[in-house]
């Protein structure tokens, strides 16, 4: 029993001595490091969500810019909401021509291929 107690105390003394040496070598920066770790623990989830939502927003803006660049030669005109309230018939100009043509041709090809497979 006494030997176990001596081993526990000896291990505790070495651990305490190591901790004191680390505090002397690191100085006050060790407390600053601990405080920063606590801040990361508190702000970790919100920062994680912020990073991913900003990344998704950047990805969506990139897609929108590519779509606008694709439609720049068509008659795509997006009027403001105040103009749409005064003259709702102008919304016909907000139809993206190139995209609609590609969708129409793609749907024709799809229907033709499906009909070809069904009747053969």
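The table for this structure:
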item	result
Tail beyond 17 Å, pair distance distribution of the stretch 1-70 (Cα, percent)	70
Volume in Å³ per residue [convex hull over Cα atoms, computed for the stretch 74-120]	71
Contact order normalised by residue count of the chain, Cα under 8 Å, 6+ apart, percent	15
Binned Cα-Cα distance frequencies in the stretch 39-110 - 10 Å width, integer %	16, 25, 27, 18, 11, 3
Helix-only mean residue ellipticity at 222 nm for the chain, each DSSP H run of n ≥ 4 adding -39500 (n - 2.57), per residue, nearest 500	-28000 deg cm²/dmol
Degrees separating the helix 97-119 axis from the principal Cα axis of the chain, which is the longest one	80
Relative contact order [Cα under 8 Å, 6+ residues apart], the stretch 74-120, whole percent	36
For the chain, average projected area of the Cα convex hull in nm²	22.0
Two-site FRET efficiency, residue 105 against residue 83, from Cβ-Cβ distance with R₀ of 30 Å, rounded to 0.05	0.45
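Only the coordinates and a few stated rules stand behind these numbers; no lab work does. Since the structure is predicted, the reported quantities are computational estimates derived from the model, not experimental observations. Glycine also receives a Cβ, built like all others from the backbone with ideal geometry; neighbour counts cover every protein chain displayed.
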